[in-house]
Amino acid sequence: MYLYHFGLRELPFTLTPNTSYYFGLPSHKQAIEVLTLALKTGEGFIKVTGEVGTGKTLLCRKLLNELPDHFVSAYIPNPYLSPAELRLAVARELGVIFDGPVDQQEFTQRIQQRLIDIHRQGQAAVLIIDEAQALPVESIEALRLFSNLETESQKLLQVVLFGQPELDTKLALPELRQLKQRIGFSYQLSVMDLDQLTQYVRHRMQVAGYRGGDVFSAACCKKLFRASQGTPRLVNVLCHKALMLAFGEGKMQVTPTHMQLAVQDTEAAIQSSTRLAWPLLFSLLAGVLLLGAGYWFWLRWL
Ligand SMILES: Nc1ncnc2c1ncn2[C@@H]1O[C@H](COP(=O)(O)OP(=O)(O)OP(=O)(O)O)[C@@H](O)[C@H]1O
Ligand SMILES: [Mg+2]
């Protein structure tokens with residue numbers, strides 16, 4: 001691999017949402033601010049949406065790492081769960097102890113009791129759900145019932161939903177309108193612009209241990225921006241491939257050609273139109289010439 005070649009400690013563009021690589025993009029910073037404020041005010045539901053690969057899971061992990069000590073958190077990363085399974089997962093995360101089999105009603109009561117205990121100890125419970133667009137409708141309704149638990153002045157459980165835009169489609173269903181009304185704060189993540197992308201790439205190289213001049217030139221970043229549309233995950237995929245190509249040629253800088261090859265090798269990337277237009281233009285021209293020559297030959301000799 002190219003680690004030694006570029007003087008890196010580790011791979012800079014892996015797909016794992018590793019918080020040590022977090023770069024404070026304006027959109028992500030704002031999302032954290034909204035979350036912090038919403039958790040302070042004790043709002044019932046908070047929602048963060050963003051397109052595929054825009055950094056939701058990374059933010060989720062960052063939020064979990066940075067929650068003040070008085071928060072007791074429950075984290076559900078894969079919520080494709082029935083209401084009963086969801087209740088069980090929440091109970092486990094909150095540390096509810098079961099000594100034997102209990103029915104659903106008893107189950108809910110135990111969770112409620114645990115939430116009351118948390119509140120009495122001067123703490124606050126927060127449930128963080130990633131990939132919330134995968135929650136079945138009945139489980140979203142179960143969540144609403146959880147969030148109904150409250151004291152005179154405060155919710156006993158706050159819920160943070162991270163999801164792809166399909167979450168909004170789901171929440172627009174008439175049967176979920178009660179929950180939709182309970183969302184006090186929401187934030188939509190945006191993709192990076194060219195300038196942010198350039199800094200993002202530089203930042204990840206530096207965190208991975210790189211200490212030289214820019215490996216990705218301005219021309220390279222422009223190509224990268226066009227192909228990725230500023231989506232962090234796609235940027236990572238393309239940068240990793242481009243670094244491998246540069247390493248293969250023994251170069252210390254990624255050239256626009258390396259980037260172009262990386263783009264061509266990546267299905268999810270936006271292929272530049274010039275790449276498709278030129279061969280098309282050439283074949284059209286050749287076709288016209290051949291037809292013309294055939295016609296001339298026919299007139300002249302037949
Ligand atoms: N602000 C950021 N700083 C550093 N890396 C980031 C940032 N935002 C996103 N990334 C990186 O982009 C990649 C995709 O991020 P992540 O997995 O969090 O996206 P996602 O929105 O959860 O995607 P999906 O919708 O598929 O679940 C990860 O490698 C992550 O580390
Ligand atoms: Mg994710």
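Filtering the stretch 151-170 to residues that are within 21 Å of Val90 (Cα to Cα) and either buried (at least 18 other Cβ atoms within 10 Å of the Cβ) or touching a residue at least 60 places away in the same chain (Cβ under 8 Å) (or both) leaves Gln154, Lys155, Leu156, Leu157, Gln158, Val159, Val160, Leu161, Phe162, Gly163, Leu167.
Counting the residues of the stretch 9-52 that are within 16 Å of ligand 2 (Cβ to nearest atom) and of a type in the set (Asp, Glu) gives 1.
Residue-by-condition table, conditions (1) in a helix (DSSP H, G or I); (2) farther than 29 Å from Met252 by Cβ; (3) among the charged types (D, E, K, R):
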site: Arg9; (1), (2), (3): no, no, yes
site: Pro12; (1), (2), (3): no, no, no
site: Ser27; (1), (2), (3): yes, yes, no
site: Val34; (1), (2), (3): yes, yes, no
site: Leu37; (1), (2), (3): yes, yes, no
site: Lys40; (1), (2), (3): yes, yes, yes
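Which numbered condition trips up Thr41, out of (1) among the polar types (S, T, N, Q); (2) within 16 Å of ligand 1 (Cβ to nearest atom); (3) at pLDDT below 95? All conditions pass for Thr41, except number (2).
Hey, can you tell me all the residues within the stretch 197-212 that are over 23 Å from the mean Cα position of the chain (by Cα) and without any contact (Cβ under 8 Å) to a residue 40 or more places away in the chain? Across the stretch 197-212, there are no qualifying residues. Of the helices (runs of 4 or more DSSP H) lying entirely inside the stretch 46-141, those containing at least 3 residues that are among the polar types (S, T, N, Q) span 104-120.
The C-beta contact set for the stretch 213-224 (first residue without any contact (Cβ under 8 Å) to a residue 60 or more places away in the chain, second residue among the aliphatic types (A, V, I, L, M) and part of a strand (DSSP E or B), distance under 8 angstrom, 6+ apart or interchain) comprises Phe216/Val254; Ser217/Val254; Cys220/Val254.
Scoring Pro79 on the criteria (1) buried (at least 19 other Cβ atoms within 10 Å of the Cβ); (2) within 16 Å of ligand 2 (Cβ to nearest atom); (3) modelled with pLDDT of 95 or more leaves a single failure, condition (3). Kindly establish whether Ala218 is at pLDDT 95 or above and buried (at least 17 other Cβ atoms within 10 Å of the Cβ). So Ala218 fails the test. Filtered by the rule that a residue be part of a helix (DSSP H, G or I), of a type in the set (D, E, K, R) and over 22 Å from Phe107 (Cα atoms), the stretch 142-172 gives Glu166, Asp168, Lys170. A Cβ distance below 7 Å, combined with a sequence gap of six or more or placement on separate chains, defines the contacts here; from the stretch 249-263, residues that are part of a helix (DSSP H, G or I) reach residues that are modelled with pLDDT under 95 in the pairs Val263/Gln271. Has the stretch 94-107 got at least one residue that is among the polar types (S, T, N, Q), more than 27 Å from the chain's Cα centre (by Cα) and more than 16 Å from ligand 1 (Cβ to nearest atom)? Yes, that holds for at least one residue.
The values are calculated or read from the model by the stated rules, or taken from the named source; none is laboratory data. Worth saying up front: this structure is predicted, and the values here are computed from it rather than measured. Using ideal geometry, Cβ is built from the backbone for each residue, glycine included, and neighbour counts are taken over all protein chains shown.
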